[in-house]
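As structure tokens, the structure follows; a few thoughts come after it.
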Amino acid sequence: SGSRTLPAVTGSDPLVDLQDVSVRAGAVQILRDVTLAIPQGETLGVFGANGAGKTTLLRLLATLQPMASGRGVVLGADLASDDRYDIRPRISYVGHTPGLYPELTLEENLGFVADARGVDRSEAAEALATVGLAGAAGRLAERCSYGMQRRAEFARVLLGSPDLLLLDEPHSALDSDAVDLVDAIVARTVTSGGAAVLVSHDRERVASLSDRTVDIDHGTLA
């Protein structure tokens with residue numbers, strides 16, 4: 001509910017603070033004893049093999065994946081409490097699979113996000129234009145190429161200034177212009193006092209964007 005007051009995140013507090021966090025899916029342990037702090041203004045690159053737990057870490061930080069044990073605080077909210085639902089508008093998570101409603105147009109998809117964030121719908125059109133999709137605003141998402149859908153996802157990020165930007169394989173299926181756009185969105189987030197976490201197989205590109213990198217191996221931070 002809107003009546004809860006979240007602890008303030010001050011300049012000295014990390015935006016993400018995980019202490020010995022484990023995540024399970026049934027009997028399978030996906031993340032084990034992960035301890036990680038991410039301060040304001042940091043871009044963190046996360047690498048690891050398929051199935052290592054990279055996407056699960058992002059989903060945990062996005063408040064979409066529950067913890068099995070440990071203590072986790074994101075943007076001042078305890079991940080084990082209902083406070084985690086209140087911070088979702090402050091988080092932008094772009095998964096490897098575009099999260100668009102296929103039966104809606106790109107403009108309708110962005111308008112839906114604008115309404116949820118309390119942003120004027122005119123900004124949705126501006127965001128689509130910024131990512132080069134002004135001419136496709138009226139096209140159904142399911143009729144758009146994967147690359148166009150990815151661009152629309154980044155238009156969604158532009159609707160507001162997230163405090164935490166979570167990107168799963170951010171550069172996949174993007175042309176060079178769109179890659180530069182993603183890099184600019186990351187830079188905008190961290191220079192405004194937020195933080196960004198980039199999961200990728202493209203170690204060279206993401207490492208060049210990151211202030212720090214970590215590897216996940218079988219659910220453990222290396």
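Miscellaneous remarks
- Carbon and sulfur %, accessible surface of the chain computed with the full protein complex present, 1.4 Å: 49
- Ratio of Rg to Rh over the chain (Cα coordinates, Kirkwood Rh, two decimals): 0.96
- If both residues of a DSSP beta bridge must be in the chain, then about 50% of such bridges are antiparallel.
- A straight chain from Ala27 to Thr220 at 0.36 nm per residue would run longer than the Cα-Cα distance by 67.8 nm.
- Shape analysis of segment 46-110 yields a ratio of the Cα radius of gyration to the Kirkwood radius, Rg/Rh, of 1.04.
- Gain in span if fully extended, Ala68 to His96, counting 0.36 nm per residue against the direct Cα distance: 7.7 nm
- Using the Cβ of Ser22 as centre and a radius below 9 Å, the other residues enclosed give a net charge of 0, where K and R count +1 and D and E count -1.
- Extending 7 Å from Cα along the Cβ direction at Thr191 and again at Asp82 yields two label points whose distance is 4.0 nm.
- Accessible surface, per residue, of the chain when the full set of protein chains is kept, probe 1.4 Å, Å²: 45
- Charge sum, other residues only, whose C-beta stays under 14 Å from Glu123's C-beta, Lys/Arg counted +1 and Asp/Glu -1: -1
- Kirkwood Rh in Å, taken over all unlike Cα pairs in segment 9-79: 12.6
The values are calculated or read from the model by the stated rules, or taken from the named source; none is laboratory data. A quick note: this is a predicted structure, and the numbers were derived from the prediction, not measured. Cβ coordinates were reconstructed from backbone atoms using ideal geometry, including for glycine residues, and neighbour counts include every protein chain displayed. Quick note on the areas: whole protein, heavy atoms, side chains included, nothing else; ligands and nucleic acids left out. Shrake-Rupley method; radii C 1.70, N 1.55, O 1.52, S 1.80 Å.
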